[in-house]
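Enquirer: Sharing a structure here in C-alpha cells format.
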Amino acid sequence: MSFALLAACNSVPKAVGSIDLTSPDGANRMTFILTEAGGPMYSLDHKDISVLEPGVLGFELRGTVKYQGLVYKGDKIEKPDEVPPYMFTEGFEIIGTETASSDETWEPVWGEESSIRNHYNELLVKLRHKADGKLMDIRFRCFNDGLGFRYEFPDGQPLVHFVIKEEMTEFNCAQDNTAWWIPGDYDSQEYQYACTTLTGIPAEFKKHTNQYNSSTTLYSTSCVQTSLQMKTPEGLYVNIHEAALVDYSCMHLVADGKKLRAHLTPDAQGWKGRLETPCVTPWRTVQVAESAEEQLASRLVLNLNEPCALEDVSWIHPVKYMGVWWEMIAGAGNWHYTDAASVKLDDFDYSTATPNGRHSANNDNVRKYIDFAAGNGFDALLVEGWNIGWEEWANCNKDYVFDFVTPYPDFDIDALNGYAHSKGIRLVMHHETSSSVRNYERHMEEAYTLMNRYGYDAVKSGYVGDILPIGEHHYGQWMNNHYLYAVTEAAKHHIMVNAHEAVRPTGLCRTYPNLIGNESAMGTEYQAFGGIAPGHTAILPFTRLNGGPMDYTPGIFEQNLKEWCGNDSHVNSTICGQLALYVTMYSPLQMAADTPEHYSRFMDAFQFIRDVAIDWSESRYLYAEPQDYLVIARKDKNSDSWFLGGVTDEQTRTFSVALDFLEEGRNYEATIYKDAPDADCYENPQAYAIEKSVVSLQDKLELTMVPGGGFAVSFKAL
Ligand code: NOJ
Ligand code: CA
C-alpha cells in the first residue's frame with residue numbers, strides 16, 4: 001500500500017497524499033486522503049463511477065471545563081467559562097497504518113439465511129493531532145457490497161474523557177441522487193417515506209412530517225434519518241446507515257445540496273456524546289449495489305457488528321404470535337380498566353373501582369385468544385393492558401406510571417399462564433414504559449423476575465411519549481445505553497426483547513440475538529391511525545430492516561374498521577397483500593395481528609399464516625424496486641418448504657416468477673394465494689383466490705397484484 005501523492009482538484013482541498021483500499025472483488029475503492037492542512041478525508045468509487053467525492057472526517061469537541069467554583073460577576077452568579085469548542089478535523093499527521101483482510105462465515109441464531117459470509121479488506125489509519133498529541137484512528141473496511149468506517153480513540157493518550165459537540169463526518173454524494181427518506185427526528189421514526197432528489201428534500205419536508213406523534217423533535221427541513229436508501233443517476237443503489245450503535249448517539253443526516261453531513265442526537269444539554277478512551281464510534285456504512293435485489297441481499301450492517309456475546313443461546317427462538325392488541329389499537333377495546341381520571345399508583349384501590357367494561361385484557365377474552373392461538377399452532381400470545389396504571393399514562397407528567405408487576409383485578413396472571421402452558425403456548429409480557437425510563441430501570445429486575453416466575457420468555461417493551469428524564473431524546477446516547485441495558489439484563493433472565501419506539505436497529509441482534517424485534521418505524525398500527533399508503537412495505541426492507549427485523553404486526557383481514565368498531569381509518573391493503581408480508585418483511589417474530597373473529601371468516605386464507613416459516617436457510621430477492629414492489633422467495637430452515645411473497649404499491653403489477661429456486665428433481669405442492677382480479681385495497685380488499693398445483697423448478701407462475709395487493713405462495717416438498 002502506498003501513500004501516493006494526489007493532485008488537488010476543484011472540490012478537494014490540497015492533499016499531501018492518499019491511500020487506496022479496495023473490496024475483495026476490486027469493484028469498490030475507498031481513497032483515504034490527508035489534506036495539506038492535516039485533514040483526513042475519504043472518497044468512494046464503484047468501478048469507474050464516483051459514489052462519494054472527498055468528504056470530511058472528524059469531530060468538533062467541547063473545550064475542557066476547569067471547575068474553579070462559581071464565578072461572581074457583580075451580584076450575578078455564573079457557571080465558570082468554558083474553553084471554546086475546537087475542531088478535530090485538521091492538524092493531524094499519520095503516525096502509522098495497518099492493513100488486514102478477513103474472510104469468514106458465521107451462523108446467525110436466526111435470520112434470512114443460515115450462514116453469512118463476512119469478507120473484507122481493512123485499513124487502519126493512525127492519526128496524531130500535532131498541536132496537542134491527541135490520537136484518533138480511523139478503521140475502514142471495504143466489502144464487495146460497500147464500505148464501513150469508524151473512529152477509534154486509543155488508550156494512553158491526552159484525550160481521556162471528552163464530549164462531542166458534533167461529528168463532522170460527510171457523505172459527499174457525487175450526484176444529486178434520488179433518496180427515500182423520512183424526516184430527521186430525535187424521537188420518532190413513525191413516518192411514511194418521501195422520495196425526492198437530495199436537493200429536493202427541504203421543499204418536500206413539511207408535507208412529510210407527522211405532528212400527531214406522541215413525541216417528536218425535528219431539527220431542520222434538510223435533516224433526514226438513516227438507513228437512507230438512494231439511487232444514483234447511473235442506477236447504483238447506495239444506502240447510508242450505521243452499524244453497532246453502542247454508547248453513542250444516533251446519527252441523522254443533514255443535506256447540504258447533494259452533500260450529507262452527520263448530525264448526532266443531542267442530550268438534555270445539547271451535547272452529542274460523552275466518551276472515555278479507549279472507545280470506538282459506531283460504524284458509518286455506505287452500501288453500494290448494482291441492483292435493488294443486491295441491496296436487499298447485503299449483510300454489511302450485520303457483518304460490522306460483533307459476534308454473538310451470549311454463550312448459551314439455546315433459549316432464543318423465533319416466535320409466531322397473536323395478541324390481545326389490535327382491538328385496543330383500533331378502538332374496539334381499552335388498555336385501561338377504569339375511567340378514573342387520575343390514578344396514584346400506590347394509592348388507588350382497583351378492587352373497589354368501577355370497571356369501564358371495555359378492558360380487553362380480561363380473563364375471558366384472554367382465554368378466547370389462547371384457545372384460538374393454540375388451536376392454530378401459534379407459539380405465543382401477547383397481552384397488553386394486563387397491568388395497573390393505564391388510566392393515565394402517555395405524556396402525563398407522571399414519573400411513576402407503571403410498576404410492571406401488578407395485574408388488573410380481572411387478569412389472573414397465574415391462572416392465565418397456567419392455561420396457556422396447558423395448551424402449549426406462552427404469554428408474551430408487555431412493558432409499556434411510557435418513556436419513564438428511570439422508573440422502568442428501577443423496576444426491571446423485579447419485572448423480569450416476575451416473568452421468570454410465570455414462564456414468560458419474551459417481552460414487548462414500549463417508549464411512548466417524551467423521555468423522562470426531561471430533555472433526553474429517544475435516540476440520544478443515554479437512551480441507547482438504556483435499550484441495550486434492557487436487552488443484556490433480559491438475557492440474564494433468558495428473556496427475548498421486542499422494543500417499540502426504541503432507536504432504529506443497527507445490527508446489534510448479531511451480538512445480542514435475544515433482541516428479536518423492534519418497531520422503530522411506522523408499523524401496522526398506523527392503518528388504524530389514519531391509514532398507510534401502499535408502497536410503505538416495499539420501502540421498509542431497504543431502510544428500516546437494513547439494521548434488523550421489525551415487529552410490523554401484519555395480518556389484518558378486516559380492513560373496514562368503521563364497520564367493525566367505528567374507527568374512520570381504513571387498512572389500505574388486500575388480504576393477499578397482508579399474507580405476502582410474512583415473507584417480504586423478514587422477522588423472527590411474526591404476529592397475526594387481527595382478531596380470532598376476523599380470521600374465522602377467512603380460514604382458507606389464514607392457512608398461509610399457519611403454514612409460513614419464520615426462520616430461513618436461504619432467501620432470494622427476485623424482483624425489487626424501493627417503494628414500488630418486492631418479490632422474495634425463502635426456504636424454511638426447518639423443512640424443505642419454500643415460501644414466496646410479493647407486494648406492490650398503488651399499481652397493478654404482474655410478475656412471471658421462475659421457480660428455479662426449488663430443489664432439482666423434486667415436486668412441490670404449491671398453494672397460491674392471490675388477489676382476485678377485481679380486488680383493490682380500498683374498495684374490495686377481501687377478494688382473493690386460492691389455487692393449488694404441483695410444480696417443479698422448470699415451472700413459472702404468472703402472478704398479478706392489484707393496487708395495495710400482493711401474493712403469497714407456499715411450496716411443500718412432495
Ligand atoms: C405503541 C406501540 O407501537 C403499540 O404496539 C402499543 O400497543 C402501544 N404503544 C401501547 O403500548
Ligand atoms: Ca409505535
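The values are calculated or read from the model by the stated rules, or taken from the named source; none is laboratory data. Bear in mind the structure is a predicted one, so any value in this text is a computation, not a measurement. For neighbour counting, all protein chains shown are included, and Cβ atoms are generated from backbone atoms with ideal geometry for every residue, glycine included.
Enquirer: Which residue out of Arg510, Arg504 is under 29 Å from Leu622 (Cα atoms) and within 14 Å of ligand 2 (Cβ to nearest atom)?
Expert: Being under 29 Å from Leu622 (Cα atoms) and within 14 Å of ligand 2 (Cβ to nearest atom) holds for just one of Arg510, Arg504, which is Arg504.
Enquirer: With Ala374, Ala353, Ala394 as the choices, which residue is aliphatic (A, V, I, L, M) and either in contact with a Lys or Arg (Cβ under 7 Å, 6 or more places away or on another chain) or surrounded by 23 or more Cβ atoms within 10 Å (Cβ to Cβ) (or both)?
Expert: Matching residue, one of Ala374, Ala353, Ala394: Ala374.
Enquirer: So, in segment 153-191, of the ones that are away from ligand 2 (no atom under 16 Å from the Cβ), part of a loop (DSSP other than H, G, I, E, B) and touching a helix residue (DSSP H, G or I) at 6+ places or on another chain (Cβ under 7 Å), which residue ends up nearest to Gly257 (Cα to Cα)?
Expert: This residue is Asp176.
Enquirer: Continuing with this model, one more query. Can you find a residue that is at positive phi, away from ligand 2 (no atom under 16 Å from the Cβ), of a type outside the set (Asp, Glu) and surrounded by fewer than 22 Cβ atoms within 10 Å (Cβ to Cβ) anywhere in segment 491-498?
Expert: yes
Enquirer: Here is a further query. Evaluate the following for Thr352: is it away from ligand 1 (no atom under 16 Å from the Cβ), free of Cβ contacts under 8 Å to residues at least 12 places away in the same chain and β-branched (Val, Ile, Thr)?
Expert: yes
Enquirer: Residue check, Glu93 against (1) acidic (Asp, Glu); (2) farther than 30 Å from Ser619 by Cβ; (3) assigned to a loop (DSSP other than H, G, I, E, B); (4) in contact with a strand residue (DSSP E or B) (Cβ under 6 Å, 6 or more places away or on another chain), all met but one. Which one?
Expert: (3)
Enquirer: Would you point out the residue of segment 573-609, among those that are among the charged types (D, E, K, R) and out of contact with any strand residue (DSSP E or B) (no Cβ under 9 Å at 6 or more places or on another chain), that is surrounded by the most Cβ atoms within 10 Å (Cβ to Cβ)?
Expert: The selected residue is Glu597.
Enquirer: Could you list, in sequence order, all residues of segment 12-27 that are touching a residue at least 60 places away in the same chain (Cβ under 8 Å) and assigned to a loop (DSSP other than H, G, I, E, B)?
Expert: Ser23, Pro24, Asp25, Ala27
Enquirer: Here is a follow-up. Is at least one residue of segment 203-223 within 30 Å of Asn303 (Cβ to Cβ), hydrophobic (A, V, I, L, M, F, W, C), surrounded by 18 or more Cβ atoms within 10 Å (Cβ to Cβ) and more than 17 Å from the chain's Cα centre (by Cα)?
Expert: Yes; the residues of segment 203-223 include at least one that is within 30 Å of Asn303 (Cβ to Cβ), hydrophobic (A, V, I, L, M, F, W, C), surrounded by 18 or more Cβ atoms within 10 Å (Cβ to Cβ) and more than 17 Å from the chain's Cα centre (by Cα).
Enquirer: Right, something else. For segment 509-546, what are the residues that are within 14 Å of ligand 1 (Cβ to nearest atom), crowded, with 24+ Cβ neighbours inside 10 Å and either of a type in the set (Lys, Arg) or not in a loop (DSSP other than H, G, I, E, B) (or both)?
Expert: Correct list: Gly517, Asn518, Thr524, Gln527, Arg544.
Enquirer: Would you check which residues across segment 434-469 are polar (S, T, N, Q), over 17 Å from Leu515 (Cα atoms) and within 16 Å of ligand 2 (Cβ to nearest atom) and list them?
Expert: Matches in segment 434-469: Ser434, Ser435.
Enquirer: Of everything in segment 28-70 that's assigned to a loop (DSSP other than H, G, I, E, B) and among the charged types (D, E, K, R), which residue is surrounded by the most Cβ atoms within 10 Å (Cβ to Cβ)?
Expert: Arg62
Enquirer: What tally of residues in segment 231-274 results from selecting those that are touching a helix residue (DSSP H, G or I) at 6+ places or on another chain (Cβ under 7 Å) and under 14 Å from Val288 (Cα atoms)?
Expert: Total meeting the criteria: 3.
Enquirer: While we're here: Determine whether Ile556 is in contact with a helix residue (DSSP H, G or I) (Cβ under 6 Å, 6 or more places away or on another chain) and either modelled with pLDDT under 95 or closer than 30 Å to Cys396 by Cβ (or both).
Expert: When the stated conditions are applied, Ile556 passes them.
Enquirer: Can I ask one more? Mind listing whichever residues of segment 89-147 are touching a residue at least 12 places away in the same chain (Cβ under 8 Å) and polar (S, T, N, Q)?
Expert: Once the filter is applied, which keeps residues that are touching a residue at least 12 places away in the same chain (Cβ under 8 Å) and polar (S, T, N, Q), segment 89-147 yields Thr89, Thr97, Thr99, Ser101, Ser102, Thr105, Ser114, Asn118, Asn121, Asn144.
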